[in-house]
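Undergrad: Please see the structure below; I have some questions.
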Amino acid sequence: MYAVNYFEIKNRKGTDLWLGVDAMGLNIYSKDDKLSPKIGFPWSEIRKISLRNKKFIIKSIDKKAPDFIFYAPRLRVNRGILQLCRGNHELYMRRRKPDTIEFSFCFFMAWCASREVGIECQEVSGYGKGSSYRPGQSLQDVPPNHMWNAVLLAGQWFLMDACWGAGNLDEHKSFIKKFNDFYFLTDPEDFVESHFPDEQRWQLLDQPMTREDFEKRVFKTSIFFTLGLKLIQPQHFHMLTGPPRTLIVCSYVSGSRSSLRRCRTHSFLIPWL
């Protein structure tokens, strides 16, 4: 048995229904019967769940199947419904992959620790350029593959990823414990290079990055930033070169991230062959 959260919804015809959310999926119930669902959507068959104002859209893994649409009248509750759905979907997909249990534990511990000391913490879902990422991968119609946190300190939001900060996967997909402080209170401009949130506001940027730009960006690991490097040009991984040469410009900042001292700019000329 699984605990079920119920929410009042309506279908396209305006009929009152119940939405049931549990660890195994979504179920739609008639208003007078919360025991026998009229229709069910297992997490394994759901590709994406999205919200537009009061309108929820469920997309199936089967791209030929029509979208299922329902409406929730309470705006304040809708984001909570969406986060609950995405969170349960994410946990279900993680349980199907035994090698990611360490990541689930890290995320859970970060969430519990922040609540224990009274720090306001938000779960953020989105896309991470992790060990399996390959430059140029499209995220179009792909469900979120990662979760991290935003914490409120002294009235300002900061980003952190306790999972990646605790270690990484090796070539055999085994978790290697290795502390990496880069992923704690990371500069948003650096963080967005590898973490693209579902909700734009959690980029914490004055000029948010688009999904298309995120896909095209040069892939940079945490080592790139901890070395004090910054790529000035080009920003995208795919370049069309031509005669007589192609220019790559990057800068190096000596000193730590917290105490910047000197910045040197280097240009690399690649001959056109």
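The values are calculated or read from the model by the stated rules, or taken from the named source; none is laboratory data. No experiment lies behind these values; they were computed from the predicted model shown. Ideal geometry is used to build each Cβ from the backbone, glycine not excepted, and the neighbour counts take in all protein chains shown. Heads up: the accessible areas ignore ligands, DNA and RNA and are worked out on the full protein's heavy atoms, side chains in. Shrake-Rupley method; radii C 1.70, N 1.55, O 1.52, S 1.80 Å.
Undergrad: Which order do the peptides 64-71, 140-147 take when ranked by the mean count of other beta-carbon atoms within 10 Å per residue, highest first?
TA: 140-147, 64-71
Undergrad: Greater than 22 Å separation of Cα atoms is the criterion. Which listed pairs, K129/K230; K129/K178; K64/K129; K55/K129; K10/K59, meet it?
TA: K64/K129; K55/K129
Undergrad: Separate question: Might you tell me the accessible area per residue for segment 1-45, computed with a 1.4 Å probe and given in Å²?
TA: 62 Å²
Undergrad: How much net charge surrounds N5 when only the other residues with a Cβ under 13 Å from the Cβ of N5 are counted, with Lys and Arg +1 and Asp and Glu -1?
TA: Here the charged neighbours net out to -1.
Undergrad: Could you tell me the distance between the Cα centroids of segment 1-59 and segment 172-233, to the nearest Å?
TA: Cα centres, segment 1-59 to segment 172-233: 34 Å.
Undergrad: Within a Cβ distance under 9 Å of H195, other residues only, what is the Lys/Arg minus Asp/Glu net charge?
TA: Net charge in that neighbourhood comes out at -1.
Undergrad: When you count, for each residue, the other Cβ atoms within 10 Å and take the mean per peptide, how do 218-225, 195-202, 6-13 rank with the highest first?
TA: So the peptides 218-225, 195-202, 6-13, ranked by packing, come out 195-202, 218-225, 6-13.
Undergrad: Right, another one. Can you return the aspartates and glutamates within cross-link range of K177? Criterion is Cα-Cα under 17 Å, with same-chain partners fewer than 8 residues away left out.
TA: Cα-Cα hits under 17 Å: D99, E102, D161.
Undergrad: For segment 1-58, with all protein chains present and a 1.4 Å probe, just round the carbon and sulfur fraction of the accessible area to a whole percent.
TA: That share works out to 50 percent.
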